[in-house]
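Asks: The structure that follows is given in the form of structure tokens.
The values are calculated or read from the model by the stated rules, or taken from the named source; none is laboratory data. Predicted model, so just to flag it, every value in this text is computed and none were measured. Cβ placement follows ideal geometry from the backbone for every residue including glycine, while neighbour counts extend to all protein chains displayed. Note: accessible area is taken over every heavy atom of the protein model, side chains too, but ligands, DNA and RNA are not part of it. Shrake-Rupley method; radii C 1.70, N 1.55, O 1.52, S 1.80 Å.
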Amino acid sequence: MYHSFDAVIVGAGGAGLRAALELGPVGSVAVLSKLYPTRSHTGAAQGGIGAALGNVEEDLWEWHAFDTVKGGDYLVDQDAAEIMAQEAIETVYELEHWGLPFDRTPDGRIAQRPFGGHTHHFGQGPVRRSCYAADRTGHMILQTLYQQCVRHNVRFFDEYHVLDLLIHDGAACGVIAYQIATGEIHTFRAKAVLFATGGMGRMFKITSNAHALTGDGPAIALRRGVPLEDMEFFQFHPTGIYKMGILITEAVRGEGGVLLNGEGERFMERYSPTLLDLAPRDIISRAIYLEVQAGRGIDGKDYVHLDASHLGRKAVEAKLPDIADFCRTYLGIDPAVEPMPVQPTAHYAMGGIPTDTDGRVVVDDKNTPLPGFYAAGECACVSVHGANRLGTNSLVDLVVFGRRAGRDMARYIREHDFVPLPADPTCEACDEIDRLLYGDGDESVADIRRELQEVMMDKVGVFRIEAQMQAAVDKICELQERYRRVSIQDRGKRFNTDLLEAIELGYLLDLAQVTAESALARRESRGAHSREDFPERDDENWLKHTLAYRTEKGIELKYKPVTITRFEPKPRTY
Amino acid sequence: MQVTLRIRRFNPETDAKAYWQEYQVEVEPTDRLLDALNQIKWYQDGTLTFRRSCAHGICGSDAMTINHVNRLACKALMQDLGKKVTVEPLRGFPVIKDLVVDMEPFFEKYRSVKPYFITYDPDPPVERYQSMEERARFDDTTKCILCGACTGSCPSFWGNPDYIGPAAIVQAHRFIFDSRDQGANERLAILNDRNGVWRCRTIFNCVGACPREIDVTRAIGEVKKLLLFNRMV
């Protein structure tokens, strides 16, 4: 089936919905999502959205910008961080004006609490910057944005799985999508296309990410010749539920919770004397690994305790009700009484599709845009998170850059006409579907995926070393080879999730390859990329973004400079 | 431990009618039912079809009827379900395939209650103020994840698919009782209908079904009371 819209948005999480609200009044817009929009993983974000409102103590957007840059270990593009920290304030007010039910201060303003790496006076001590709605802030943002889209009659194509990006004469001109309920292939012609497809955490074994987070947008862009930026930087959140990976928000520590090792010691005192348990996530995840390595995990095992029992039942139930529910449901423990067993969990891709600060996808070291193609949210790399994202900044990123991308797309669709579609636009997607549907090889999707997740967790995780990463690259290559021989059992057209899982595995394999190869090449330690064989940050050689291209010869790596405005790189201590 | 999953299956492409299929699975007691379903799909029968995403009770994808109660498969632990577990699609919803139901009629009812913030005053330059008590007034109904477990558990809905259903009323409640919102009368007019709140017979199935522990029947009752005794102006 054929459709034509001024703009097509792929993904209905925070970034996609926020962009859609800018485009509705200007032109026709379609939002495609492989899930119902309210199932998007923005809804799983818990602790808050950072903005220097200064509602409970003095705060300045410049401090927020500085924290973002330092948190990202100076790989952040500082012009983008400044825009984000400034516009965070008005976008939070905008969400409130759309009815978002923030928690309140006693005088009725939006409540704010401390979060990891957020400080006053450029690093002097923690500041209360995270605007929150209990531990359900992402849920409230997703619901609020979806409600506004309903109000403004945004056109949704729910449960449509994107398969391809159409580019003709050097400009984006549409997408190909698979309607899950019917198996029908749809061509969406558009003047402008936004990818807002979210994360790719399912390449790791232990992850906080939903099953759906398979990096569809970045993988499709990569296959169409767009580079991926800084893919070696993948954040491990320090507090995932032991073995399950389910996120336990940093807000537990923002509210006063502490990390304890097997000896009952508050070990962050040794790693981060100023910010303690509110140090950035990369630092705490490494600390947990080192404690476990030194035999100081709980009962000698590979986890530590997150203790909130001293906060009292009232605070736990009021400020962290969902966390309490997860603990009761999955662990059978009551966090108001007992500590929670936690270990680092693969959480967030700092890297992704390179964009400028208007969400325009840029394809080289000169930041040359690919006309008509946009990206926003976790699948994009602006880069505001650099080598390590601060907590709350993902939600800020979604609304600030979702909005900016939507506004620039509105301009673009006014100024440009449709580009002709390539001849036979669906052929490559259809070939791929047919290959997977009717393949008769002897390989299974589940086996390859499990092996991929294990190798990425073991060898491209919190700590990295040359030989291990090389082994991971080799293993991924083998898995890609085996993937050509997968066969699936469900060959029907109707709601074929067997087929979708096979498609998604293909995306994960490509992204894992880029992640591992980008990591192998970067011979330094910076933010979430921590190498045992190169333990120091090396600004002289490595203060630059990676751009990974997929070519016939394999992954080709190029680099582009980091934008520095007002914060000179300094050693990063907390 | 070994368990038997007895699953209601139906693929309109190939099946004349729905049937039961049994699978044996080896699970940990603390595994989620979703883990068991994934095990079947990944290692036994790739055609078994269900929705899932977040796997920890936040996204609302995997509401289904588990041992005759509506729950999320990712919030039901195997140790609580017994050795033989019965799994069916949500009742009252058209089946697309196996455990996947058509959510479109459900979302249509959701959209009908104006589930969005309505104000007629200009926005202030900063946030609207709201006291902690005013915020707490509607907290319970902000938790809804639109999974459909409540509506699919409601005998009034089974008997009359035109009933707007508990989930849509919960969504309306979230705004009606928000001190900042000015659209209460518009929503009350929609709900003051034979197929609106008055179709609720206070059976309380919805309360037991809600994975977010929303007191759904209470919320519906509050809307009814407002209509009867205290119409907002």
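Asks: So which of A:Ala52, A:Ala15 is touching an Asp or Glu at 6+ places or on another chain (Cβ under 8 Å), within 14 Å of chain B (Cβ to nearest Cβ) and buried (at least 22 other Cβ atoms within 10 Å of the Cβ)?
Replies: Only one candidate passes the filter, namely A:Ala52.
Asks: For A:Thr182, which of the numbered conditions (1) within 8 Å of chain B (Cβ to nearest Cβ); (2) part of a loop (DSSP other than H, G, I, E, B) fails to hold?
Replies: (1)
Asks: Next question, about the same structure. Limited to region A:501-532, what total is found for residues that are open to solvent by 20 Å² or more (accessible area, probe 1.4 Å) and basic (Lys, Arg)?
Replies: The total comes to 1.
Asks: Only helices (runs of 4 or more DSSP H) wholly contained in region A:208-307 count here; list those with 1 or more residues that are within 30 Å of A:His161 (Cβ to Cβ) and open to solvent by 10 Å² or more (accessible area, probe 1.4 Å). Before you say what the answer is, go through the steps one by one.
Replies: Working: elements: A:216-223, A:251-254, A:268-271, A:281-293.
Result: A:216-223.
Asks: Output the residues belonging to region A:308-337 that are small (Gly, Ala, Ser) and either open to solvent by less than 30 Å² (accessible area, probe 1.4 Å) or out of contact with any Asp or Glu (no Cβ under 7 Å at 6 or more places or on another chain) (or both).
Replies: Within region A:308-337, A:Ala308, A:Gly312, A:Ala318, A:Ala324, A:Gly332, A:Ala336 meet the criteria.
Asks: Within region B:195-233, how many residues are under 18 Å from B:Phe138 (Cα atoms), touching a residue at least 24 places away in the same chain (Cβ under 8 Å), more than 17 Å from the chain's Cα centre (by Cα) and in a helix (DSSP H, G or I)?
Replies: Matching residues across region B:195-233 total 5.
Asks: Still on this structure, please answer the following. Could you say which residue among A:Thr187, A:Thr239, A:Thr249, A:Thr207 is among the β-branched types (Val, Ile, Thr) and within 30 Å of A:Ala423 (Cβ to Cβ)?
Replies: Going through A:Thr187, A:Thr239, A:Thr249, A:Thr207 in turn, just one is among the β-branched types (Val, Ile, Thr) and within 30 Å of A:Ala423 (Cβ to Cβ): A:Thr187.
Asks: Within region A:35-45, track down each residue that is facing chain B (nearest Cβ under 9 Å) and part of a loop (DSSP other than H, G, I, E, B).
Replies: Once the filter is applied, which keeps residues that are facing chain B (nearest Cβ under 9 Å) and part of a loop (DSSP other than H, G, I, E, B), region A:35-45 yields A:Leu35, A:Tyr36, A:Ser40.
Asks: Related question: Among the residues of region A:67-81, is any surrounded by fewer than 24 Cβ atoms within 10 Å (Cβ to Cβ), touching a His at 6+ places or on another chain (Cβ under 9 Å) and on the phi < 0 side of the Ramachandran plot?
Replies: For region A:67-81, residues surrounded by fewer than 24 Cβ atoms within 10 Å (Cβ to Cβ), touching a His at 6+ places or on another chain (Cβ under 9 Å) and on the phi < 0 side of the Ramachandran plot: absent.
Asks: In addition: Residue by residue through region B:32-44, note down the ones that are touching a strand residue (DSSP E or B) at 6+ places or on another chain (Cβ under 7 Å) and more than 14 Å from B:Ser61 (Cα to Cα). Outline the logic, then answer.
Replies: Step one: filter region B:32-44 for residues touching a strand residue (DSSP E or B) at 6+ places or on another chain (Cβ under 7 Å), giving B:32-33, B:36, B:39-40, B:44.
Correct list: B:Arg32, B:Ala36, B:Gln39, B:Ile40, B:Gln44.
Asks: Further question on the same structure: Does at least one position in region A:86-98 carry a residue that is more than 9 Å from chain B (Cβ to nearest Cβ), under 19 Å from A:Arg281 (Cα atoms) and in contact (Cβ under 8 Å) with a residue 12 or more places away in the chain?
Replies: The answer is no; no qualifying residue exists.
Asks: Would you point out the residue of region B:33-53, among those that are facing chain A (nearest Cβ under 7 Å) and open to solvent by less than 10 Å² (accessible area, probe 1.4 Å), that is farthest from B:Pro211 (Cα to Cα)?
Replies: In this case the residue turns out to be B:Gly46.
Asks: I'm trying to understand the selection: among the residues of region B:5-31, which are open to solvent by less than 30 Å² (accessible area, probe 1.4 Å) and either within 11 Å of chain A (Cβ to nearest Cβ) or under 26 Å from B:Pro94 (Cα atoms) (or both)?
Replies: Here is the first cut: in region B:5-31, the ones open to solvent by less than 30 Å² (accessible area, probe 1.4 Å) are B:5, B:7, B:9, B:11, B:23, B:25, B:27.
B:Leu5, B:Ile7, B:Arg9, B:Asn11, B:Tyr23, listed by residue number.
Asks: Would you point out the residue of region A:137-183, among those that are acidic (Asp, Glu) and closer than 14 Å to A:Pro422 by Cβ, that is surrounded by the most Cβ atoms within 10 Å (Cβ to Cβ)?
Replies: Here is the first cut: in region A:137-183, the ones acidic (Asp, Glu) are A:158-159, A:164, A:169.
From what is left, the residues that are closer than 14 Å to A:Pro422 by Cβ are A:164, A:169.
Working: A:Asp164: 22, A:Asp169: 9.
Looking at residues that are acidic (Asp, Glu) and closer than 14 Å to A:Pro422 by Cβ, I get A:Asp164.
Asks: Only residues that are among the basic types (Lys, Arg) and either in a loop (DSSP other than H, G, I, E, B) or at positive phi (or both): list them for region B:158-194, please.
Replies: Within region B:158-194, B:Arg180, B:Arg194 meet the criteria.
Asks: Looking at the structure I just gave you, is A:Gly27 surrounded by fewer than 20 Cβ atoms within 10 Å (Cβ to Cβ) and either more than 12 Å from chain B (Cβ to nearest Cβ) or under 27 Å from A:Val127 (Cα atoms) (or both)?
Replies: yes
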